[in-house]
1. How large is the charge dipole for the range 148-255, taken about the Cα centre, if only the Cβ atoms of Lys, Arg (+1) and Asp, Glu (-1) carry charge, to the nearest 20 debye?
2. Send over the per residue convex hull volume for the range 185-353, Cα only, as a whole number of Å³.
3. Given H placed 1.01 Å from N in the peptide plane, which residues other than close sequence neighbours of Asp272 have an amide H under 5 Å from its amide H?
4. For Cα Rg over 2.2 N^0.38 Å, the listed values are [x] 1.37; [y] 1.11; [z] 0.94; which was obtained by calculation from the structure presented?
5. Please find, in a Gaussian network model of the chain (springs between Cα atoms separated by less than 10 Å), the residue of Gly343, Gly305, Gly159 whose mean-square fluctuation is greatest.
6. With each pseudo-label sitting 7 Å past Cα toward Cβ, what's the Ser70-Ser334 distance in nm, one decimal?
7. Sort Ser6, Ser197 by Cβ crowding within 10 Å, fewest neighbours at the top.
8. Among Gly226, Ile66, Val155, whose Cα projects farthest towards the positive end of the dipole of the chain, with charges put on the beta-carbon of Lys, Arg (+1) and Asp, Glu (-1)?
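Just so you know, all these numbers are worked out from the coordinates, no wet-lab data involved. Given the structure is predicted, the values throughout are model-derived calculations rather than measurements. Cβ placement follows ideal geometry from the backbone for every residue including glycine, while neighbour counts extend to all protein chains displayed.
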Amino acid sequence: MPEQRSIPCVIARGGTSKGIYIKANHLPQEPVQRDKAILAIFGSPDIRQIDGLGGADPLTSKLAIIGPPSRSDADVDYTFGQVSFRAPVIDYSGNCGNISSGVGPFSIDEGLVKAVEPVTIVRIHNTNTGKLIVAEVPVKDGRAEVYGDCAIDGVPGTGARIMLDFADTAGSATGKLLPTGHLKETLATKYGAFEVSLVDCANAMVFVKAQSLDLKGIEGPKKIDGDKALLDRLEAIRGAASVALGFSQTPEEALIKNPAFPMLAVVSPPADYLAFGTGVIVKADSISFVARNMFMQVLHKTYAGTGSVCTAVAACIPGTVVNEVCATHPNWGSVINIGHPSGIISVEAVVVELEVKRAAFPRTARRIMEGRVLIP
C-alpha cells in the first residue's frame, strides 16, 4: 500500500462555526486534484465523515484556504469552501463570515501578516466574492490574542473581540445590492407563490416572512428540521431565488450545484422565545426582529456571519420584507439586533441611498489544533 500523504493544517473555531485552515501552497494547485484532497481531508462524502476531520454538520464542515494576496490592497487571499458530506461537492459560490473571523488570527500566527500591537488590521481578499473584508485583530506578544471579554451567543465563554467590516461586500455575488432591482418580488414555486426580497451583501440571500409559511417565526431546530414538508418548501423558495439570481437554471440544479448559496432567512417581528441549548428567554424588546437562517437545507443553530451582514443591511433598506418586520429603538443607533435560535447577534449597519457605509460585527476565534492531516 502507498504511504499516506501528510498535509499541514489548523483546526480553529471561527465565530459559531469550526473549520480547517490550510495554506494554499499545501494543497494541489490543479482544481480537480485539490478538491479530491479536500474531500479526503474531511472524510466526504459520508454523513458521519468518519474517515476524516469533518464534524458531520454543516457548521463544522468548512474550509479556509489562505495564501499571498493577488491584489495590492489586500494582505492575504482567502478562499472559503463549504464541504458537503452528502455528495462529493465543495461549494465555493459564497463566503462564511464566521470562518472569516479566523482568517486574521491564522494569518498573523502563521507569519503571513506582521503582528502589530495592540490591534493588527488584516485586509482579507475573499476570492469567492472578489470583495475585501477588514479584520481588526487584537494582538499580544506577536500572536493573535485568544482571551477577552467578548461573548457571542452560541459559543461558551468569552474571547478576544475581532471586528469584521464587510462594507465593501455589497453585490458580492451579483454585482448589485438589489440584484433584480426590486425591493420585493414574487417567486413562483411548486408550492405556490411567495413574496420575498433578494439582497446581496457579503453573500446573496432570499428573505421571506414567517407568516407566508404559516410559522410564528420563533421555531427552533427540532421543529423546523423535523418538518420535511416545510424543509421542501423552504428549499423550493431558495431554489427559485437561485434561478432568479442566475446561479442555476432550475431549482433542482441549485440543490445539486450550489446547495449553500444563496442562503434563505425567515423573518418575523420581535417576540419572546427560548434560546436553543440554554433555555434563556430572548426578550422581544432586546431584538430588532426574529430571523431563522437556513443553511445547507437545515436550520442554522445560530446565524451565519455573512448572513448577519446581509440581513442587517436588508433591514436598513425601506421596502424590503426585513425592513417591514424590523423594530427600532432610540438607544440602538446604527445597531441591528438579530434574534436567532441561540440568542442575539448585533451588527453595525449603515446604508445611505443603497450604498453600504458600514456592515460590521464582532466575533471571537480560537486555534484548537495545529498539526498534519493524513490522507490516502
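1. Here the size comes out at about 220 debye.
2. Spread over its residues, the Cα hull of the range 185-353 gives 103 Å³ apiece.
3. Here Ala284 satisfy the definition.
4. Answer by label: [z].
5. Highest fluctuation among the options: Gly159.
6. 3.1
7. Arranged by neighbour count, lowest to highest, Ser6, Ser197 become Ser6, Ser197.
8. Looking along the dipole axis, the top candidate is Gly226.
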